[in-house]
1. Let me have the 222 nm mean residue ellipticity of the chain computed from DSSP H runs of 4+ only, each contributing -39500 (n - 2.57), with the sum over all residues rounded to the nearest 500.
2. For the pair residue 199 and residue 178, how long in nm is the line joining their label points, each one 7 Å along Cα→Cβ?
3. For a protection proxy built on the mean count of beta-carbon atoms within 10 angstrom, sort 141-148, 30-37, 223-230 highest first, please.
4. Could you run the Debye sum over the Cα atoms of the range 189-282, one equal point scatterer each and no solvent, and tell me log10 of I(q)/I(0) at q = 0.16, 0.21, 0.25 Å⁻¹, two decimals?
5. Could you work out how much longer the chain between residue 43 and residue 213 gets when fully extended? Use 0.36 nm per residue separation minus the Cα distance between them, nm to one decimal.
6. Expressed as an acute angle from 0 to 90° and rounded to the nearest 10, what is the orientation of the C-alpha long axis of helix 20-29 relative to the principal long axis of the chain?
7. What is the extension gain from residue 116 to residue 229, computed as 0.36 nm multiplied by their sequence separation minus the C-alpha to C-alpha distance, in nm to one decimal?
8. Distance from a point 7 Å along Cα→Cβ of residue 29 to each backbone N in the range 87-118: keep the residues under 20 Å and list them by number.
């Protein structure tokens, strides 16, 4: 199983070092991917721009949106162009994880109807495929031609069908290894109904904070980010891996459940977290 690390683009207090220096360290340490988490109504760095900055200071590491809330980008042609630009500039390192999202406030400020986001997302997946195939003359071309690597997130039956129909696989938006295993089984069922010539790629994520004040840092930052969930935010913060042994246990459990890659997302913007995670995970 590949082991990636998230950028702290959604952590309070992140600055240039939390993107640029973090990306350099992650590549030097040997992580497989750099990931971003997407949200609009929060004081955080936008995902695609953060990955563009990371692309400029790295050469090997994959660049992953895990996930990008596609329907918030109502101009699908522009989204296609932005993704193709990052993929071309990074020489094919973009992995575009897309989903519909579930926060009504993000949709409200975007002027996009929340209730129809699933239908809108499916329409976007269709349109993105046509654009990347050359319809409309939009460029640039992606590094390998056609579309960039694509994953779909979500836990509904429709999400698994979209992954099978439009993408290279599925990304699991957080939860236990048992929940991932169940989701993977549903994905494989949808995949086999849609296509039989390949296997889906699967990705999981979990949060971590290591070193001094690890538990407090996770509680403060994840509690703030997930405050919209009410009391459940404490459960999210409490699930973060805050010591090396828990990191290794999570990675082993997800690997045994069949994940192809795990992205460890930080609850701290301190670039020292990269080296602490590398010591625990690589």
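Bear in mind these aren't lab numbers, they're just calculated from the coordinates by the rules spelled out. Predicted model, so just to flag it, every value in this text is computed and none were measured. Here the Cβ is made from the backbone with ideal geometry for all residues, glycine too, and neighbour counts use every protein chain on show.
1. For the chain, the value works out to -14000 deg cm²/dmol.
2. Calculated label separation equals 2.5 nm.
3. Top to bottom by mean Cβ count within 10 Å: 30-37, 141-148, 223-230.
4. The Debye formula, applied to the Cα set alone, gives -0.71, -0.99, -1.24.
5. Working: separation 170, 0.36 × 170 = 61.20 nm, distance 2.29 nm.
Taking 0.36 nm per residue and subtracting the Cα distance, the gain is 58.9 nm.
6. 80
7. Working: separation 113, 0.36 × 113 = 40.68 nm, distance 2.16 nm.
Difference between extended and current length: 38.5 nm.
8. 95
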